[in-house]
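Colleague: Take this structure, written in structure tokens, and hold onto it; I'll ask about it next.
The values are calculated or read from the model by the stated rules, or taken from the named source; none is laboratory data. Keep in mind it's a predicted model, so treat the numbers as computed, not measured. Here Cβ is always computed from backbone atoms with ideal geometry, including for glycine, and neighbour counts include all displayed protein chains. The protein model used for the area step is the full one, side chains on, heavy atoms only, and it has no ligands, DNA or RNA in it. Shrake-Rupley method; radii C 1.70, N 1.55, O 1.52, S 1.80 Å.
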Amino acid sequence: MRLLKPWRLVLLSIVFGMAVILSNCGTPSNTASKNSPTPPTPAAVPAGALVYGAGGPPVNLEPGNITDGNSVIVIDQIYNRLTDFKPGTVELEPSLATEWSSSTDGKTWTFKLRSGVKFHDGTDFDAEAVKFNVDRWWDAKNPNGFREAGKNYPIWKNLFGGFKGEKDSLVKDVAVVDKYTIKFVLNQPFAAFPSAIGSGYFGMASPAAVKKAGAQYGTPGSLAVGTGPFVFREWRSGDRIVLEKNQNYWKTGAPKLDRLVIRFVEDPAARLAQLRAGQLDFTVDLTPDQLQEIQADANLEAVLRPAFNVGYLALNPSYEPLAKPEVRRAIAQAINQPEIVKAFWGELGKHDAEFVPSVLNWAASETVKDYEFNPQQAKAMLAKAGYPNGFDLDLWYMPVGRPYFPTPKPIAEALAADLSAIGIRVKLLTKDWSAYLADRLKPPGFQAFMMGWTGDYGDPDNFYYPHFGPGATADLGNWKNPKVIELLDKGRATADRAARAKIYGEVSEILHGEAVRLPIVHSQPLLGKRKNILGWIPSPLGSESFEEVSKN
């Protein structure tokens with residue numbers, strides 16, 4: 001008798017559970033179905049407030065010092081950036097900068113700033129404020145960066161190569177030209193710089209507030225002061241963040257509502273139950289198997305975020321078994337990736353061999369094909385590499401669902417089941433989300449772990465450089481491929497799209513052979529809202545301002 005793999009048994013139980021849920025689809029949406037978790041009664045929310053269900057709490061509210069989506073979504077409400085993206089697209093548009101231009105050699109970018117904008121504390125936004133923020137992120141010696149308190153601004157290094165004075169730093173200088181003009185001098189051309197500096201991480205904070213709060217800036221009980229549509233009022237740890245309308249917002253007519261409450265609800269089933277009960281107005285990162293339940297509720301509407309992400313399995317070469325590329329490739333061949341994606345994402349997921357999503361397929365390689373699922377060959381590869389009896393592997397999975405991995409633990413169990421077939425004995429591990437993010441970067445890092453990325457701007461550079469560029473592989477024991485770095489720098493300096501396509505195609509081919517980050521899925525995240533919520537246009541970049549959202 002052929003036995004089902006453990007993860008397939010999990011899948012069958014999910015399917016059975018769905019059948020039970022669907023039999024109760026007639027349940028009114030102001031109560032949870034009897035097969036949905038009973039939503040906890042949240043603390044009272046003021047009438048008329050807009051209530052958003054986040055997948056967990058932010059790590060902090062300090063621009064430049066975060067990398068996770070739960071932090072970015074809150075930061076998007078409090079702060080503005082120099083540039084922004086048109087709703088629902090990756091097309092650049094003005095924000096705190098009204099225009100920008102490049103020098104002939106592509107090494108200097110000049111931004112003209114919007115005049116008359118105030119921070120929430122009443123202080124002026126100007127070029128000095130921009131320089132203050134950038135210096136905190138970029139200059140490791142800047143006293144206002146408070147690095148002695150453990151702040152390290154990793155996303156700056158990931159996107160821009162390094163910090164001030166380091167040989168891989170993209171930025172050479174930041175200079176105030178006049179009150180409303182700021183200039184960035186680069187060490188090499190970077191055509192996508194206006195998009196990169198407009199990434200969701202780089203909101204402009206009040207210099208006065210940062211100086212006042214010191215190293216506690218952006219933490220619960222401290223300050224978070226920007227120029228954005230909402231003003232930070234309260235952070236109740238483990239429960240919610242409360243924001244109020246910025247009455248002096250520079251955009252006329254926004255925001256639409258007086259108060260925004262961001263509640264932390266880590267379990268997707270609980271988020272959907274609270275959405276149905278009217279305790280949440282809209283929410284994100286639901287699981288693909290919840291789509292039918294949303295569609296069956298007359299008061300709810302399923303919303304799909306455009307696919308612009310990658311969920312991957314990282315294999316850390318600093319650990320002996322994984323130091324050999326043939327071992328990593330054996331792992332890739334042992335995992336039935338298309339079947340796992342079909343099982344856990346259904347129509348909302350796509351698997352292919354490319355690290356970049358399909359919207360960027362102009363940069364894909366014509367020769368890279370998916371790793372063939374072949375456990376017998378994978379086992380033979382392990383034996384040839386010196387591991388005929390397999391080996392022990394610690395596989396870390398995220399404690400919270402993310403757009404690319406909505407149900408991390410069952411997916412990790414599926415990966416472990418496939419690896420057990422070739423003799424790899426997997427131990428599944430997890431920890432608190434903020435610790436997970438931080439500890440994977442501490443030497444030697446996790447042995448193998450699940451992670452993902454939602455693009456910050458519409459360019460393949462944004463997928464490759466933060467994962468394989470200079471300073472971007474601390475979670476892989478600082479593994480690097482010099483040829484990949486050379487090609488990535490060349491791609492940044494090249495303007496012609498056809499030439500860039502060839503460059504990134506070669507990058508894809510090298511990485512496919514190295515197999516240090518195995519792309520598992522490009523997903524279309526499932527979101528949900530009540531039908532009386534209007535004006536919400538989810539961004540493919542994974543986060544957006546709620547300034548135009550209204551409640552009928």
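Colleague: So ALA343 ticks every box in (1) within 28 Å of TYR436 (Cβ to Cβ); (2) out of contact with any helix residue (DSSP H, G or I) (no Cβ under 7 Å at 6 or more places or on another chain); (3) of a type outside the set (Lys, Arg); (4) open to solvent by 10 Å² or more (accessible area, probe 1.4 Å) but one. Which box is left unticked?
Modeller: Against the list (1) within 28 Å of TYR436 (Cβ to Cβ); (2) out of contact with any helix residue (DSSP H, G or I) (no Cβ under 7 Å at 6 or more places or on another chain); (3) of a type outside the set (Lys, Arg); (4) open to solvent by 10 Å² or more (accessible area, probe 1.4 Å), ALA343 comes up short only on (2).
Colleague: Continuing with the same structure: Out of all the residues in the range 87-101, which are open to solvent by 10 Å² or more (accessible area, probe 1.4 Å) and either in contact with a helix residue (DSSP H, G or I) (Cβ under 8 Å, 6 or more places away or on another chain) or not in a strand (DSSP E or B) (or both)? Give the steps one after another, and end with the answer.
Modeller: Within the range 87-101, the first condition is being open to solvent by 10 Å² or more (accessible area, probe 1.4 Å), and the residues that meet it are 87-94, 98-101.
The answer is PRO87, GLY88, THR89, VAL90, GLU91, LEU92, TRP100.
Colleague: Tell me yes or no: at least one residue of the range 302-309 is more than 27 Å from the chain's Cα centre (by Cα), surrounded by fewer than 20 Cβ atoms within 10 Å (Cβ to Cβ) and not in a helix (DSSP H, G or I). Write out each step before concluding.
Modeller: Residues of the range 302-309 more than 27 Å from the chain's Cα centre (by Cα): none.
Looking through the range 302-309, none of the residues is more than 27 Å from the chain's Cα centre (by Cα), surrounded by fewer than 20 Cβ atoms within 10 Å (Cβ to Cβ) and not in a helix (DSSP H, G or I).
Colleague: Go through the range 503-552 and give me each residue that's outside any helix (DSSP H, G or I), modelled with pLDDT of 95 or more, of a type in the set (A, V, I, L, M) and open to solvent by 10 Å² or more (accessible area, probe 1.4 Å).
Modeller: Selection gives LEU534, ILE537.
Colleague: Ok, one more. Report whether or not ILE66 is open to solvent by less than 40 Å² (accessible area, probe 1.4 Å), among the β-branched types (Val, Ile, Thr), assigned to a loop (DSSP other than H, G, I, E, B) and closer than 27 Å to PHE405 by Cα. Walk me through how you get there before you give the answer.
Modeller: Working: open to solvent by less than 40 Å² (accessible area, probe 1.4 Å): yes; among the β-branched types (Val, Ile, Thr): yes; assigned to a loop (DSSP other than H, G, I, E, B): yes; closer than 27 Å to PHE405 by Cα: yes.
So ILE66 fits the description; yes.
Colleague: May I pose another question? Which is part of a loop (DSSP other than H, G, I, E, B) and either open to solvent by 50 Å² or more (accessible area, probe 1.4 Å) or of a type in the set (D, E, K, R) (or both), of LYS157, LYS131, LYS151?
Modeller: On the way: LYS157 fails: part of a loop (DSSP other than H, G, I, E, B); LYS131 fails: part of a loop (DSSP other than H, G, I, E, B).
Answer to the check: LYS151.
Colleague: Here are the criteria: (1) open to solvent by 20 Å² or more (accessible area, probe 1.4 Å); (2) among the aliphatic types (A, V, I, L, M); (3) over 23 Å from GLU301 (Cβ atoms). Tell me which single one LEU257 does not satisfy.
Modeller: Of the numbered conditions (1) open to solvent by 20 Å² or more (accessible area, probe 1.4 Å); (2) among the aliphatic types (A, V, I, L, M); (3) over 23 Å from GLU301 (Cβ atoms), the odd one out for LEU257 is (3).
Colleague: Within the range 318-329, is there a residue that is open to solvent by less than 10 Å² (accessible area, probe 1.4 Å) and assigned to a loop (DSSP other than H, G, I, E, B)? Step through it out loud before you land on a result.
Modeller: Filtering the range 318-329 down to residues open to solvent by less than 10 Å² (accessible area, probe 1.4 Å) leaves 322, 327-328.
Next, only the ones that are assigned to a loop (DSSP other than H, G, I, E, B) stay: none.
So far as the range 318-329 goes, no, none of its residues is open to solvent by less than 10 Å² (accessible area, probe 1.4 Å) and assigned to a loop (DSSP other than H, G, I, E, B).
Colleague: Go through (1) modelled with pLDDT under 95; (2) open to solvent by less than 50 Å² (accessible area, probe 1.4 Å) one by one and return the number of the condition GLY122 breaks.
Modeller: Result: GLY122 passes all but (1).
Colleague: Now a separate question. Before we move on, is THR110 among the hydroxyl-bearing types (Ser, Thr, Tyr), touching a residue at least 40 places away in the same chain (Cβ under 8 Å), open to solvent by 20 Å² or more (accessible area, probe 1.4 Å) and not in a loop (DSSP other than H, G, I, E, B)? Working first, answer last.
Modeller: Numbers: among the hydroxyl-bearing types (Ser, Thr, Tyr): yes; touching a residue at least 40 places away in the same chain (Cβ under 8 Å): yes; open to solvent by 20 Å² or more (accessible area, probe 1.4 Å): yes; not in a loop (DSSP other than H, G, I, E, B): yes.
It is true that THR110 is among the hydroxyl-bearing types (Ser, Thr, Tyr), touching a residue at least 40 places away in the same chain (Cβ under 8 Å), open to solvent by 20 Å² or more (accessible area, probe 1.4 Å) and not in a loop (DSSP other than H, G, I, E, B).
Colleague: Something else now. Give me the pairs, please: first residue somewhere in the range 225-240 and not assigned by the TED database to the domain that holds ALA129, second residue anywhere and open to solvent by less than 30 Å² (accessible area, probe 1.4 Å) and of a type in the set (A, V, I, L, M), beta-carbon distance under 7 Å, and either six or more positions apart or on two chains.
Modeller: From residues that are not assigned by the TED database to the domain that holds ALA129, there are no pairs.
Colleague: If you go through the range 397-405 one residue at a time, do you hit one that is under 14 Å from LEU313 (Cα atoms), touching a Ser or Thr at 6+ places or on another chain (Cβ under 7 Å) and among the hydroxyl-bearing types (Ser, Thr, Tyr)?
Modeller: Yes.
Colleague: Also: If you check ASP76, ASP84, which single one turns out to be assigned to a helix (DSSP H, G or I), over 15 Å from THR219 (Cα atoms) and open to solvent by 10 Å² or more (accessible area, probe 1.4 Å)? First the steps, then the outcome.
Modeller: Details: ASP84 fails: assigned to a helix (DSSP H, G or I).
Just a single option satisfies the conditions, and that option is ASP76.
Colleague: Can you name the condition, by its number, that GLN333 falls short on among (1) touching a strand residue (DSSP E or B) at 6+ places or on another chain (Cβ under 9 Å); (2) in a helix (DSSP H, G or I)?
Modeller: With respect to (1) touching a strand residue (DSSP E or B) at 6+ places or on another chain (Cβ under 9 Å); (2) in a helix (DSSP H, G or I), GLN333 is out only on (1).
Colleague: Here's a follow-up. Quickly run through the range 228-261 and pick out the residues that are assigned to a strand (DSSP E or B), under 26 Å from LEU82 (Cβ atoms) and not aromatic (Phe, Trp, Tyr).
Modeller: Selection gives VAL231, ARG233, ILE241, LEU243, GLU244, LYS245, LEU260.
Colleague: In this structure, does ARG492 turn out to be surrounded by fewer than 23 Cβ atoms within 10 Å (Cβ to Cβ) and on the phi < 0 side of the Ramachandran plot?
Modeller: Working: surrounded by fewer than 23 Cβ atoms within 10 Å (Cβ to Cβ): no; on the phi < 0 side of the Ramachandran plot: yes.
Answer is no for this residue.
Colleague: With respect to LYS172, is the statement that it is closer than 30 Å to PRO538 by Cα and open to solvent by 30 Å² or more (accessible area, probe 1.4 Å) true? Give the derivation first.
Modeller: On the way: closer than 30 Å to PRO538 by Cα: no; open to solvent by 30 Å² or more (accessible area, probe 1.4 Å): yes.
Here the answer is no, as LYS172 does not meet what is asked.
Colleague: Further question on the same structure: Looking at (1) assigned by the TED database to the domain that holds THR89; (2) within 18 Å of PRO538 (Cα to Cα); (3) not in a helix (DSSP H, G or I), which one does GLY278 not meet, given that it meets all the others?
Modeller: Of the numbered conditions (1) assigned by the TED database to the domain that holds THR89; (2) within 18 Å of PRO538 (Cα to Cα); (3) not in a helix (DSSP H, G or I), the odd one out for GLY278 is (2).
Colleague: Looking at the range 346-355, which of its residues are of a type in the set (D, E, K, R), open to solvent by less than 60 Å² (accessible area, probe 1.4 Å) and more than 25 Å from GLU326 (Cβ to Cβ)?
Modeller: So in the range 346-355, the residues of a type in the set (D, E, K, R) come out as 347, 350, 352, 354.
Retained after the next criterion (residues that are open to solvent by less than 60 Å² (accessible area, probe 1.4 Å)): 352, 354.
Selection gives nothing.
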